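Novice: To start, I am sharing the structure in question, which I have written as structure tokens.
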């Protein structure tokens, strides 16, 4: 066997020992088996990555669904709080109108009109 060095042009000659020149018993079968194992390993890694990708995508979908539900719940809660505030404001306005009637600042007719208008809303 010979090989050279490009940088200074040196040529190296080596004698290959007989155990490397001649194939050993079942050497080809052993090498073929080695390569088949490596191919199976690579295929297993590819399959695992595909499964992991599918699992990750499913987790992302579940996370998106969970976030959407939380957002919807938050909006529903905010709507409920807003409605509660509006109801309290209406009760206050009605009480205010009753006091105005009691103190002569408004008539009973104004109170009835106020109640009719609020029921329509």
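The values are calculated or read from the model by the stated rules, or taken from the named source; none is laboratory data. None of the values given here were measured: they were computed from a predicted structure. Counting neighbours? That spans all protein chains shown, and the Cβs are built from the backbone with ideal geometry, glycine included.
Novice: Does residue 63 satisfy the criteria of being in a helix (DSSP H, G or I) and either modelled with pLDDT under 95 or under 29 Å from residue 119 (Cα atoms) (or both)?
Specialist: For residue 63, the condition - in a helix (DSSP H, G or I) and either modelled with pLDDT under 95 or under 29 Å from residue 119 (Cα atoms) (or both) - is not met.
Novice: Looking at residue 27, is it more than 30 Å from the chain's Cα centre (by Cα) and surrounded by 10 or more Cβ atoms within 10 Å (Cβ to Cβ)?
Specialist: For residue 27, the condition - more than 30 Å from the chain's Cα centre (by Cα) and surrounded by 10 or more Cβ atoms within 10 Å (Cβ to Cβ) - is met.
Novice: May I pose another question? If I filter region 87-96 for residues that are over 51 Å from the mean Cα position of the chain (by Cα) and in a helix (DSSP H, G or I), do I get at least one hit? Break it down into steps so the answer makes sense when it comes.
Specialist: Going through region 87-96, the residues over 51 Å from the mean Cα position of the chain (by Cα) turn out to be 96.
So of that shortlist, the ones also in a helix (DSSP H, G or I) come out as 96.
Within region 87-96, one or more residues are over 51 Å from the mean Cα position of the chain (by Cα) and in a helix (DSSP H, G or I).
Novice: Could you check residue 41 against (1) part of a helix (DSSP H, G or I); (2) over 42 Å from the mean Cα position of the chain (by Cα) and say which number it fails?
Specialist: (2)
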